[in-house]
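Since the structure comes first, as structure tokens, the remarks are kept for the end.
No lab work stands behind these numbers, since they all come straight from the coordinates. These figures come from a predicted structure and were not determined experimentally. Here Cβ is always computed from backbone atoms with ideal geometry, including for glycine, and neighbour counts include all displayed protein chains.
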Amino acid sequence: MLFFEEYAVNHYVTSETITEKTGLWLEKISPFNQHEMKINKDKCALLVIDMQNFFLEPKSPTFTCGGLAILQNVKSLIHVFREKDRPVIFTKHVHHPDHLDSGIMGWWWKGMCIEGSPESEIHPAIAPLPNEKVVLKHRYSAFYNTDLDTVLRCLKIEDLVIAGIMTNMCCESTARDAYYRDYRVFFPADSNGSINEEMHLASLLNLAFGFAFITQAERIIREILD
């Protein structure tokens, strides 16, 4: 996990700079971010990806600095979706203590987030409510070998807002899988975070080109409240 530790001390974005940074990111990807959509507030859900202590605790060897920068925006999205009685679904990336489900990830990554540990819990500032769905996943995509798609179909969801960490790993993988399943994907650039700006921006570019409308939390909130 040495590369995590290297980037943990070099925050590419903070809560103070994220608004300015987001404007620059959106400008850079604008030639490819051409599939502009307005969210259907009666058919939408918010998916919060892996906002766990394992990634958000600064002392953790897997600390993802972009996660803390987006925390307030994610919290604002959650508040509005709850206020409007729209589904908020969380994911937790976890593994069995005996690594029964680790597979290739057991040697690809040197650290595992163990199911039921304090590190596996979602950050207390955005903790799920008792009635909110929490998807436990063992691979990057929230759709892979989980019941997420079944839940979304039962809720008659068509528009999916994806927020969380990491932009270039679990968030991008989930966005791609959502697109393959014919969901309209809204990906707020200021509500997804990674370990460095290059990875974050590359994912925004990839997703804009082929999978999602890259937008901002403020715009989504405005459309939900409209």
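Here are the numbers for the structure shown:
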| quantity | calculated |
| --- | --- |
| Candidate set: segment 35-53, residues that are part of a loop (DSSP other than H, G, I, E, B) and among the hydrophobic types (A, V, I, L, M, F, W, C); chosen: the one farthest from ASN206 (Cα to Cα) | MET51 |
| Of residues in segment 145-160 being outside any loop (DSSP other than H, G, I, E, B) and out of contact with any helix residue (DSSP H, G or I) (no Cβ under 6 Å at 6 or more places or on another chain), the one nearest to ILE39 (Cα to Cα) | ASP159 |
| Any chance ALA142 is part of a loop (DSSP other than H, G, I, E, B) and either under 15 Å from the mean Cα position of the chain (by Cα) or crowded, with 20+ Cβ neighbours inside 10 Å (or both) | yes |
| Criterion violated by ASP159 - all others in (1) touching a residue at least 60 places away in the same chain (Cβ under 8 Å); (2) farther than 25 Å from LYS41 by Cβ satisfied | (2) |
| Unique match (being assigned to a helix (DSSP H, G or I), of a type in the set (D, E, K, R) and closer than 19 Å to LEU71 by Cα) among GLU132, GLU223, GLU198, GLU119 | GLU119 |
| Residues located in segment 163-185, provided they are more than 12 Å from LEU204 (Cβ to Cβ), crowded, with 24+ Cβ neighbours inside 10 Å and of a type outside the set (Ser, Thr, Tyr) | ALA163, GLY164, ILE165, MET166, ALA178 |
| Selection from segment 89-115 of residues that are outside any strand (DSSP E or B) and touching a Cys at 6+ places or on another chain (Cβ under 8 Å) | VAL94 |
| Residues satisfying the stated conditions in segment 120-137, i.e. touching a residue at least 24 places away in the same chain (Cβ under 8 Å) and farther than 11 Å from ASP50 by Cα | ALA125, ILE126, PRO128, LEU129, GLU132, LYS133 |
| Residue within segment 67-79 that is part of a loop (DSSP other than H, G, I, E, B), of a type outside the set (D, E, K, R) and under 24 Å from VAL151 (Cβ atoms) present | no |
| Out of ILE122, ILE89, ILE114, sole residue that is within 27 Å of THR19 (Cβ to Cβ), surrounded by fewer than 21 Cβ atoms within 10 Å (Cβ to Cβ) and out of contact with any Gly (no Cβ under 8 Å at 6 or more places or on another chain) | ILE122 |
